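Remarks on the structure that follows.
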Amino acid sequence: MGKIEKTVKDAEVFASMVAKKQGWALNPDRTFLDDLFHGLAKNFNRYGYYSCPCRDASGSRDIDSDIICPCQYCRPDQEEYGYCYCALYLTREYAGSGRVPSSLPERRPS
(Lines give C-alpha, C1' and ligand atoms only; values in the text may rest on other atoms or scores of the structure.)
Protein backbone atom coordinates (compact mmCIF):
# COMPACT_ATOMS: atom_id res chain seq x y z
CA MET A 1 0.00 0.00 0.00
CA GLY A 2 1.36 3.43 -1.00
CA LYS A 3 1.78 6.51 1.09
CA ILE A 4 -1.37 8.62 1.38
CA GLU A 5 -0.82 12.19 0.23
CA LYS A 6 -2.48 15.09 2.03
CA THR A 7 -4.12 17.84 0.03
CA VAL A 8 -4.27 21.52 0.86
CA LYS A 9 -7.92 20.94 1.78
CA ASP A 10 -6.84 18.18 4.21
CA ALA A 11 -4.46 20.64 5.87
CA GLU A 12 -7.24 23.23 6.09
CA VAL A 13 -9.58 20.70 7.72
CA PHE A 14 -6.80 19.70 10.15
CA ALA A 15 -6.02 23.30 11.16
CA SER A 16 -9.71 24.16 11.45
CA MET A 17 -10.31 21.19 13.73
CA VAL A 18 -7.33 22.13 15.92
CA ALA A 19 -8.54 25.73 16.17
CA LYS A 20 -12.07 24.66 17.06
CA LYS A 21 -10.92 22.16 19.68
CA GLN A 22 -8.55 24.66 21.31
CA GLY A 23 -10.93 27.61 21.16
CA TRP A 24 -8.66 29.51 18.78
CA ALA A 25 -9.33 31.38 15.55
CA LEU A 26 -7.57 30.97 12.22
CA ASN A 27 -5.86 33.94 10.63
CA PRO A 28 -8.56 35.89 8.75
CA ASP A 29 -6.27 36.73 5.80
CA ARG A 30 -7.34 34.06 3.30
CA THR A 31 -4.34 34.44 0.98
CA PHE A 32 -1.91 34.17 3.90
CA LEU A 33 -3.89 31.25 5.32
CA ASP A 34 -3.82 29.39 2.00
CA ASP A 35 -0.02 29.71 1.94
CA LEU A 36 0.14 28.14 5.41
CA PHE A 37 -2.18 25.30 4.35
CA HIS A 38 0.06 24.64 1.33
CA GLY A 39 3.09 24.53 3.64
CA LEU A 40 1.39 22.14 6.06
CA ALA A 41 0.35 19.79 3.24
CA LYS A 42 3.82 19.93 1.68
CA ASN A 43 5.46 19.14 5.02
CA PHE A 44 3.08 16.26 5.68
CA ASN A 45 3.76 14.78 2.27
CA ARG A 46 7.50 15.22 2.72
CA TYR A 47 7.85 14.06 6.34
CA GLY A 48 4.65 12.19 7.23
CA TYR A 49 3.50 14.73 9.82
CA TYR A 50 2.23 18.31 9.87
CA SER A 51 5.35 20.18 10.89
CA CYS A 52 5.21 23.93 11.37
CA PRO A 53 5.13 25.55 7.91
CA CYS A 54 7.28 28.44 9.14
CA ARG A 55 10.21 26.46 10.48
CA ASP A 56 12.73 24.10 8.94
CA ALA A 57 12.00 20.50 9.86
CA SER A 58 14.65 17.79 9.92
CA GLY A 59 12.46 14.94 8.75
CA SER A 60 12.96 13.12 12.05
CA ARG A 61 9.74 12.99 14.03
CA ASP A 62 11.74 12.78 17.28
CA ILE A 63 13.83 15.86 16.50
CA ASP A 64 10.83 17.75 15.15
CA SER A 65 8.41 16.78 17.91
CA ASP A 66 8.42 20.35 19.25
CA ILE A 67 7.32 21.79 15.88
CA ILE A 68 4.55 19.37 14.96
CA CYS A 69 1.46 21.52 14.46
CA PRO A 70 0.29 22.94 16.73
CA CYS A 71 3.84 23.31 17.98
CA GLN A 72 4.80 23.47 21.62
CA TYR A 73 5.53 27.18 21.22
CA CYS A 74 2.01 27.99 20.01
CA ARG A 75 0.38 28.47 23.40
CA PRO A 76 3.21 30.57 24.94
CA ASP A 77 3.23 32.79 21.82
CA GLN A 78 -0.54 33.22 22.06
CA GLU A 79 -0.34 34.02 25.76
CA GLU A 80 2.29 36.70 25.13
CA TYR A 81 1.31 38.05 21.70
CA GLY A 82 -2.18 36.75 20.89
CA TYR A 83 -1.05 34.55 17.98
CA CYS A 84 1.50 31.88 17.17
CA TYR A 85 4.81 32.23 15.32
CA CYS A 86 3.21 31.37 11.97
CA ALA A 87 0.16 33.52 12.73
CA LEU A 88 -1.95 30.51 11.77
CA TYR A 89 -3.67 30.33 15.15
CA LEU A 90 -4.91 33.44 16.94
CA THR A 91 -6.61 33.79 20.27
CA ARG A 92 -10.25 34.71 19.85
CA GLU A 93 -9.56 38.01 21.63
CA TYR A 94 -6.76 38.91 19.22
CA ALA A 95 -8.84 37.87 16.22
CA GLY A 96 -11.65 40.13 17.40
CA SER A 97 -9.33 43.09 17.91
CA GLY A 98 -8.87 43.79 14.20
CA ARG A 99 -5.10 43.97 14.63
CA VAL A 100 -2.82 42.27 12.10
CA PRO A 101 -0.15 39.83 13.34
CA SER A 102 3.47 40.70 12.69
CA SER A 103 6.69 38.77 13.12
CA LEU A 104 7.55 37.24 16.49
CA PRO A 105 10.85 36.29 18.06
CA GLU A 106 11.75 32.61 17.62
CA ARG A 107 11.31 30.56 20.81
CA ARG A 108 12.75 27.36 19.38
CA PRO A 109 16.34 26.79 20.47
CA SER A 110 18.83 26.64 17.61
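List of remarks:
- In order along the stretch 31-48, the phi-based Karplus estimate (6.51 cos²θ - 1.76 cosθ + 1.60, θ = phi - 60°) of 3J(HN,Hα) comes to 5, 4, 4, 4, 4, 5, 4, 4, x, 4, 5, 4, 5, 4, 5, 7, 10, x Hz; Gly and Pro are listed as x.
- The stretch 14-105 shape via C-alpha gyration tensor axes, a/c threshold 1.5: prolate
- For the chain: lysine pairs under 18 Å (alpha-carbon distance), excluding those fewer than 8 apart on one chain: 4
- Exposure of D29 as accessible area (Å², to 10), given a probe of 1.4 Å and all protein chains: 80 Å²
- Assigned charges on the beta-carbon of Lys, Arg, Asp, Glu; the chain dipole about Cα centre (debye): 260 debye
- FRET efficiency, 1/(1 + (r/R0)^6) with R0 22 Å, evaluated for S102 and R30 via beta carbons: 0.75
- For Y83, the amide hydrogen comes within under 5 Å of the amide hydrogens of Q78, T91, counting only partners 5 or more places away or on other chains and with H modelled in the peptide plane.
- Each label point was placed 7 Å from the Cα along the Cα-to-Cβ direction; for D56 and H38 their separation is 2.1 nm.
The values are calculated or read from the model by the stated rules, or taken from the named source; none is laboratory data. Note that the structure is a prediction, hence the values are computed from the model and not measured. Backbone-built Cβ (ideal geometry, glycine too); neighbour counts: all protein chains shown. The area values use the complete protein model at the heavy-atom level, side chains included, leaving out ligands, DNA and RNA. Shrake-Rupley method; radii C 1.70, N 1.55, O 1.52, S 1.80 Å.
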